[in-house]
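*Asks:* Pasting a structure here, questions to come.
The values are calculated or read from the model by the stated rules, or taken from the named source; none is laboratory data. Bear in mind that the values here come from a model prediction, so they are computed numbers and not experimental data. Because the Cβ atoms are built from the backbone with ideal geometry, glycine has one as well, and the counts that use them run over all protein chains shown.
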Amino acid sequence: MKNITTTLKKLIYSWKRNQYPKKQPTKISKVDNLVIFLLCILISIVSSYKFLLFSPIQSSDIVSWFLTFVKAFISCGILILVSKKENPTITSRQIILIISLLLLVQATKITFTSTISPLSMFVPPALIISQGMGSITSLAWVSIASLNWPESVNNFDYSLFFIALICACFVSVLGGRIRSRAQLLQLSILVPLGALLTQWIIIGNEKGSFIDNQQFVITNGRIFSDTLLLAIIMLFTILFIPLFESIFGLLTKARLLELADKEKPLIRRLSLEAPGTFEHTLLICGLAEEATRMIGGDIDLIKTGALYHDVGKLHAPNWFIENQDGSKNPHDEIDDPIRSSEVLQAHVDEGLRYARKNRLPKPITNFIPEHQGTLKMGYFFHKAKEKNLDITENDFRYKGPIPQSKETAILMLADGCEAALRAMNINASDIEALETISKIISSRQKDGQLKDSDLSKGEIFLIKRAFLNVWKRIRHRRIQYPTAKNNTFS
């Protein structure tokens, strides 16, 4: 009976979880949709062209061509749907990249079927897609590419094709987890070596010599030639991945870690010109990273996004309380709540300008406006009401948008909780800290700031616990060391 009750509870939770609003996919223009559609048509033609080569063409050939054409077209649609499911914010350029790589592989197979191994056709594109769009999309691409593999009139080694699929799947899984360029280089060595060993074990005896001196590099089926060509193409792929990142807006984990380097010019400027903001940023990073880890989000993304979320304060550092030395406050001098609210909004607008100037990827740029959402500037709104100014509440709200992802929503919550937790008494209890965290998060929920973020009630509970754990770590006491008259430690 207990097991039945537990199962029912899980089913009810799953149903409730599905009622939460899902992240809205990025809208694609009609022109881009037309380009994607034409690419899918072209892939379908390439996949089914062989049925039109028979002479004379019979009705059964036309039926076979039509079925293969429709299968290829539907497969392209499935690939696009899978990519959108894994990455709801995927752009049209990235979809075009996926489809173009599929077309390129098929065209290469038809043109160079006797000279280039399927290893060199499957593995490099799988690496690019897994790095930029995730392992699931890459595995789907490999599956669709193999299902739509156009047959040729020449004899084809299906053992080699099977090895190529295994290597491509292996690269797809590992490529989505690799976090540095050095690991990519290791992969470009280990995968060809693995392919070499597998070929030698499975089909080595059928292909004669281990090294063929004639047509040394491009000879399909020659073990060493296949492996050498794969290694060369993978190295070139790794060299060109930064170019793909720039052109198609890909955001790899290696790129995220590079952007998170605190010696980057923009982050270095923040630490020098707005040290209080920089310290505030580091504390938020700790809160946000722990919460993201707790719910299984993208840790590298939020860690990097958190570092850049307040770079807009560089336009006027001394207008923000964390950078003031206590002597004077510019807001008190102008005594104008409306102008003060414009300064606060400017830190978002200027942040977006800095992001464009430094060519930050869009997923990182999104943290700048979304961490404030459409929150109310409560202090200056209250000041304006005291002065009986003719204003509305919307005049003192940030322009938004509200958080569109779990990561930007977590950063908003961490930004709200950081100051309150740091201001708490060192002797405060865990219950008091949790109440403070809950109050801030509940206020964001009631204000409608989290409705587009796809955070469930269970995930919000885990975020609260994560914030509490971080607060417990940073509130430790320091020992008062005894000193002698000469100020040296005893």
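*Asks:* Looking only at segment 368-377, decide whether some residue is surrounded by 15 or more Cβ atoms within 10 Å (Cβ to Cβ) and among the hydroxyl-bearing types (Ser, Thr, Tyr).
*Replies:* Among the residues of segment 368-377, at least one is surrounded by 15 or more Cβ atoms within 10 Å (Cβ to Cβ) and among the hydroxyl-bearing types (Ser, Thr, Tyr), which makes the answer yes.
*Asks:* Still on this model: Identify all residues within segment 176-210 that are of a type in the set (Gly, Ala, Ser), in a helix (DSSP H, G or I) and at pLDDT below 85; write none if there are none.
*Replies:* Within segment 176-210, just Gly204 meets the criteria.
*Asks:* Take the conditions at pLDDT below 95, farther than 30 Å from Leu462 by Cβ and not in a helix (DSSP H, G or I) and apply them to Gly326. Does it pass?
*Replies:* Yes: the conditions hold for Gly326.
*Asks:* Taking the residues in segment 351-367 that are closer than 16 Å to Lys399 by Cβ and without any contact (Cβ under 8 Å) to a residue 60 or more places away in the chain as candidates, determine which candidate is surrounded by the most Cβ atoms within 10 Å (Cβ to Cβ).
*Replies:* Out of the qualifying residues, it is Gly351.
*Asks:* Let me ask another. Residue check, Leu79 against (1) over 15 Å from the mean Cα position of the chain (by Cα); (2) part of a helix (DSSP H, G or I); (3) in contact (Cβ under 8 Å) with a residue 24 or more places away in the chain; (4) under 25 Å from Leu190 (Cα atoms), all met but one. Which one?
*Replies:* (4)
*Asks:* Residues in segment 240-255: is at least one over 21 Å from Pro361 (Cα atoms), modelled with pLDDT of 90 or more and assigned to a helix (DSSP H, G or I)?
*Replies:* First, the residues of segment 240-255 that are over 21 Å from Pro361 (Cα atoms): none.
The answer is no, given that none of the residues of segment 240-255 is over 21 Å from Pro361 (Cα atoms), modelled with pLDDT of 90 or more and assigned to a helix (DSSP H, G or I).
*Asks:* Among the residues of segment 407-429, are any within 17 Å of Lys376 (Cα to Cα), assigned by TED's automatic domain parsing to the domain that holds Val348 and touching a Cys at 6+ places or on another chain (Cβ under 6 Å)?
*Replies:* No.
*Asks:* Working carefully through the options Phe66, Phe54, find the one that is modelled with pLDDT under 90 and in a helix (DSSP H, G or I).
*Replies:* Just one listed residue meets the conditions, Phe66.
*Asks:* While we're here: Among Leu259, Leu266, Leu270, Leu235, which is the only one that is of a type in the set (A, V, I, L, M), at pLDDT 90 or above and more than 26 Å from Leu314 (Cα to Cα)?
*Replies:* Leu235
*Asks:* Return the residue satisfying two criteria in turn: it lies in segment 418-457 and is among the basic types (Lys, Arg) and assigned to a helix (DSSP H, G or I), and of such residues it is nearest to Lys399 (Cα to Cα).
*Replies:* Arg444
*Asks:* I would also like to ask the following. Quick check on Glu290: is it in a helix (DSSP H, G or I) and not assigned by TED's automatic domain parsing to the domain that holds Glu370?
*Replies:* No, not satisfied.
*Asks:* Among the residues of segment 92-151, write down those that are free of Cβ contacts under 8 Å to residues at least 24 places away in the same chain and under 22 Å from Leu190 (Cα atoms).
*Replies:* Within segment 92-151, no residue meets the criteria.
*Asks:* Here is a follow-up. Has segment 137-151 got any residue that is of a type in the set (S, T, N, Q), at pLDDT below 90, surrounded by fewer than 22 Cβ atoms within 10 Å (Cβ to Cβ) and at negative phi?
*Replies:* Within segment 137-151, one or more residues are of a type in the set (S, T, N, Q), at pLDDT below 90, surrounded by fewer than 22 Cβ atoms within 10 Å (Cβ to Cβ) and at negative phi.
*Asks:* Taking segment 347-403, which residues are more than 16 Å from Pro337 (Cα to Cα) and basic (Lys, Arg)?
*Replies:* Matches in segment 347-403: Arg353, Arg356, Lys357, Arg359, Lys362, Lys399.
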